[in-house]
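A.B. asks: Submitted below is the structure of interest, expressed as structure tokens.
The values are calculated or read from the model by the stated rules, or taken from the named source; none is laboratory data. Since the structure is predicted, the reported quantities are computational estimates derived from the model, not experimental observations. For neighbour counting, all protein chains shown are included, and Cβ atoms are generated from backbone atoms with ideal geometry for every residue, glycine included. For accessibility, only protein heavy atoms count, side chains too; no ligands or nucleic acids. Shrake-Rupley method; radii C 1.70, N 1.55, O 1.52, S 1.80 Å.
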Amino acid sequence: MSHELFSLEGRVALVTGASRGIGAAIARALARAGADVAAHGNVNSADATCEQIRSAGRETVALVADMADPAAPDRLVHQTVAALGRLDIVVNNAGIIRRAPAVDVSDADWDAVVSVNLHGVFRLCRAAGRHLLAAGQGGRIINIASLLSFQGGLNVAAYAASKSAVAGLTKELSNEWAAHGINVNAIAPGYLRTDNTAALQRDEMRNRQILERVPAGRWGEPSDLDGAVIFLASRASDYITGHVLAVDGGWLAR
Ligand code: NAP
């Protein structure tokens, strides 16, 4: 019974930014729970992730797109349905960060971060929403937010602004689509060991400060999100929508 509650068998997922880091781990977790998975990358292909999905016995396709391209989200939805037959779960994970004091942030860096982390996320939610509403079988959208959906951070103005906006967007869309069985939630990862946080891991002082503040006493690994993702993608979370779930080793509770 509990196994069935979390099973994704028969479902198809699209995961952006699945070439590495958190997105690759999410794609693998969804496949292990039974979903076929379209794995997206930008400059790096998601071929290695697709290999792992196949090893889990699931179907997959590698898709390539720049999420800053306004045409990319619609194309990704069409390509997923064309390759895997349907679409039930979308994980909006692709994201970038640029670190600099606010007074030094260039327009180009601001635009780059907001284009991928917010505009791209909205457009993919919209494309998925159109598809899921028309299909009439419900669905799941999971946006990857951040601790900076709750806090301000330092030297990451565009990132904090975009991730706070993702939390608001998640709640807004959940209200519009709940009656159609389309649940829209977000996961706010804590400090996870990926390329995105490489600069912090390398900085001895920041690394120590982070470890001292995380109640769990360690950096998170991308696989620490597996349970939350499967939960939010599965029937187990049918009555949960508009929620931003922190998976942070206790950081926000501190
Ligand atoms: P990562 O290791 O740097 O991976 C970023 C992913 O996003 C890659 O797959 C990359 O594709 C893709 N991507 C980058 N720019 C893109 C673009 N313009 N168009 C399409 N895809 C693009 O980062 P990560 O740590 O796994 O982060 C994944 C998500 O989690 C992000 O939204 C991030 O903000 C969020 N997050 C991370 C942490 C953390 O501690 N790591 C904490 C909170 C939230 P390519 O490989 O092709 O470049």
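A.B. asks: For the chain, give the percent of accessible area contributed by carbon and sulfur heavy atoms, probe 1.4 Å, rounded to a whole number. Mind dumping the intermediate values first?
C.D. replies: Numbers: 5760 of 11450 Å².
Looking at the chain in its full context, I get 50 percent from C and S.
A.B. asks: So what is the 222 nm mean residue ellipticity for the chain from helices alone, if each DSSP H run of at least 4 adds -39500 (n - 2.57) and you divide by all residues, rounding to the nearest 500 deg cm²/dmol?
C.D. replies: Per the formula, -12500 deg cm²/dmol.
A.B. asks: As an exercise, use a Förster radius of 35 Å and the Cβ-Cβ distance of ASN207 and ARG54 to find the FRET efficiency, rounded to the nearest 0.05. Write down the numbers at each step before the final one.
C.D. replies: On the way: r = 36 Å, r/R0 = 1.03.
Efficiency at R0 = 35 Å is approximately 0.45.
A.B. asks: Gain in length, HIS3 to SER45, computed as 0.36 nm per residue apart minus the alpha-carbon separation, to one decimal in nm?
C.D. replies: This chain segment gains 11.9 nm when fully extended.
A.B. asks: Something else about it: Which of ALA35, ALA216, ALA62 moves most in a GNM of the chain, Cα contacts under 10 Å?
C.D. replies: Among ALA35, ALA216, ALA62, the largest mean-square fluctuation in the Gaussian network model of the chain belongs to ALA216.
A.B. asks: Within the set of other residues whose C-beta is less than 10 Å from the C-beta of VAL247, count the net charge using Lys and Arg as +1 and Asp and Glu as -1.
C.D. replies: It works out to a net charge of -3.
A.B. asks: Take the Cα gyration tensor of the chain, multiply each eigenvalue by 5, square-root it, and list the three semi-axes largest first, rounded to whole angstrom. Spell out each step's value before the answer.
C.D. replies: Working: eigenvalues 152, 80, 66 Å².
Sorted largest first and rounded, they come to 28, 20, 18 Å.
A.B. asks: Something else now. Would you mind counting up the charge near TRP110? Only other residues with Cβ under 15 Å from its Cβ, with Lys and Arg at +1 and Asp and Glu at -1.
C.D. replies: -1
A.B. asks: I'd like to check one number: the per residue accessible area of the chain, probe 1.4 Å, reported in Å² as a whole number. Walk me through the numbers on the way to the answer.
C.D. replies: Numbers: 11450 Å² over 254 residues.
Ligands and nucleic acids excluded, the figure is 45 Å² per residue.
A.B. asks: Put a dot 7 Å past each Cα toward the Cβ at ARG193 and ALA102; how far apart are the dots in nm?
C.D. replies: 3.4
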